[in-house]
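Here the structure is laid out as structure tokens; the discussion comes afterwards.
Coordinate-derived values only; no laboratory data. Quantities reported herein were computed from a predicted structural model and do not represent experimental measurements. Cβ coordinates were reconstructed from backbone atoms using ideal geometry, including for glycine residues, and neighbour counts include every protein chain displayed.
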């Protein structure tokens with residue numbers, strides 16, 4: 001799937017990766033944290049790190065879909081003259 005070259009980089013998709021002090025090239029261990037939500041997940045391999053980010057991105061997409069659905073069903077407020 002080609003990515004849109006004009007896509008923005010929303011803060012909701014920003015992460016901090018913290019490696020344990022004893023982590024090495026063959027022992028990729030640490031924690032990933034979403035900057036906006038504060039959700040944290042520990043990982044013990046590069047695969048787990050990528051899986052954690054993928055799950056968080058899926059959650060982000062689900063939340064965006066839920067919010068869009070709520071907004072589309074919103075009843076307009078009356079102006080009450």
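Cα-based radius of gyration for the range 11-71, normalised by 2.2 N^0.38 Å, reads 1.30.
With a 10 Å Cβ neighbour count serving as the proxy for reagent exposure, in which order, fewest first, do 16, 29 appear? Can you show the working numbers first?
Working: 16 11, 29 16.
The order, fewest Cβ neighbours first, is 16, 29.
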